[in-house]
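Heads up: the structure comes next, in structure tokens.
The values are calculated or read from the model by the stated rules, or taken from the named source; none is laboratory data. Note that the structure is a prediction, hence the values are computed from the model and not measured. Cβ atoms come from the backbone with ideal geometry, glycine included; neighbour counts cover every protein chain shown. The area values use the complete protein model at the heavy-atom level, side chains included, leaving out ligands, DNA and RNA. Shrake-Rupley method; radii C 1.70, N 1.55, O 1.52, S 1.80 Å.
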Amino acid sequence: MSKFAQFMKANKKVKENAFYAATKSLCDENGQPLQWEFKHITSAQTEAIRDDCMENLNQGKGSKFISQLIAASVVCPDLRNAELQDSYGVKRPEDLLLAMVDDPGEYNQLGKFVQQFLGLNENFEDKVAAAKN
């Protein structure tokens, strides 16, 4: 067996999706907030989003990193669904996200949830402390 066999893609764990109620404004028939489904996105996808946001920032446009990051990780509801977008009068997934989660506090909590879910909230010191324990 090769010394690199353990690093082969076939040995890589599949990351589970997570569920989170992004807003209290959208509820089921029992009045419970709807659970949204989130998937992990790759490092390459995250870097592409970051690069796009930096390019926009250099062109004098504001950074939309968090909204693009959230939109890329949402599985359900489908933020790319034309019927859903039309119901809110928007045409882009990021705009639909902002229309659906229109409470600033809920949106901030959603951003924190997604960053934590994707592992973007840990700094180097946190990782060192975890490794020591």
> At a 1.4 Å probe, what is the % contribution of carbon and sulfur to the accessible area of region 4-117?
Replying inline: 51
>> Let me check the size of region 63-106 from its C-alpha atoms; what are the radius of gyration and Dmax in Å?
In response: 9.9, 27
>> Just to be sure I understand the model, the point goes 7 Å from the Cα along the line to the Cβ. What's the resulting Q35 to D78 distance in nm?
In response: 2.1
> Which of the GluC sites (Glu not before Pro) found in region 1-95 are in a DSSP loop and have at most 12 neighbouring Cβ atoms, other than their own, within 10 Å?
Replying inline: E16, E29
>> Starting from the Kirkwood Rh over alpha-carbon pairs, what translational D in µm² s⁻¹ does region 23-110 have by Stokes-Einstein at 4 °C and 1.567 mPa s?
In response: 92
